[in-house]
Amino acid sequence: MKHSNDPAVIRRLLSEPGRWAVVGLSNNPRRVALGVSRFLMDRLDKEIVPVSLKGDDVHGQKGYTTLGEIPGPIDVVDCFVNSTRVGAVVDQAIAVGAKAVWLQQGVIDEAAAQRAKDAGLDVVMDTCPVTESPRFGL
């Protein structure tokens, strides 16, 4: 079954306080994750936890190489990784007890989205918080 985003879920994830693990976030200014994560922090008041292969600190926040290394709860796992690799990230999100996964614009994996839903996570796929926020006056 094809996933469709629920506007109520998007509104809740964007408007409620939350701790967002941003997978694929580095200090590379050519990567869209840098600007989107800054938007999440500055405009939507989210706590950001950078996750990348190198585990770089970003925006003054301690970085990690996997979701499993992050101490404490994770509300949303924001996925800036290729569609062919996002399934493993979604499986990590399920394993660490995240409440939601957000697959960025162009990141699509129907099977991973279904696994997350089956595990009780909220799922948003193929869109961006920067694009969605104005729809809800945020």
Give segment 87-103 a look and list any residue that's over 13 Å from residue 10 (Cβ atoms) and in contact (Cβ under 8 Å) with a residue 12 or more places away in the chain, or say none. 87, 89, 90, 91, 92, 93, 94, 95, 96, 97, 98, 99
Confirm whether residue 15 is modelled with pLDDT under 95 and of a type in the set (S, T, N, Q). no
So the check is Cβ under 8 Å with 6+ separation or different chains; which pairs have a first residue in segment 75-86 that's within 17 Å of residue 31 (Cα to Cα) and a second one that's among the hydroxyl-bearing types (Ser, Thr, Tyr)? 78/37
Residue among 31, 19 that is among the charged types (D, E, K, R) and closer than 22 Å to residue 73 by Cα: 19
Test result for residue 93, out of contact with any Asp or Glu (no Cβ under 9 Å at 6 or more places or on another chain), open to solvent by less than 10 Å² (accessible area, probe 1.4 Å) and farther than 22 Å from residue 136 by Cα: yes
Test for residue 124: is it outside any loop (DSSP other than H, G, I, E, B) and touching a residue at least 24 places away in the same chain (Cβ under 8 Å): yes
Condition first: touching a helix residue (DSSP H, G or I) at 6+ places or on another chain (Cβ under 7 Å) and either under 21 Å from residue 38 (Cβ atoms) or at pLDDT below 95 (or both). Now tell me which residues in segment 106-126 satisfy that. 107, 124
Condition first: among the β-branched types (Val, Ile, Thr) and surrounded by 19 or more Cβ atoms within 10 Å (Cβ to Cβ). Now tell me which residues in segment 61-80 satisfy that. 70, 74, 76, 77
Restricting attention to segment 40-55, which residues are over 26 Å from residue 11 (Cα atoms) and surrounded by 17 or more Cβ atoms within 10 Å (Cβ to Cβ)? 52
Within segment 127-138, the count of residues that are open to solvent by less than 40 Å² (accessible area, probe 1.4 Å) and either at pLDDT below 95 or not in a loop (DSSP other than H, G, I, E, B) (or both) comes to 4
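The values are calculated or read from the model by the stated rules, or taken from the named source; none is laboratory data. Just so you know, these numbers come straight off a predicted model, no measurement behind them. Methodologically, a virtual Cβ is constructed for each residue, glycine included, from the backbone with ideal geometry; neighbour enumeration extends over all protein chains shown. Accessible surface areas use protein heavy atoms only, side chains included; no ligands, DNA or RNA. Shrake-Rupley method; radii C 1.70, N 1.55, O 1.52, S 1.80 Å.
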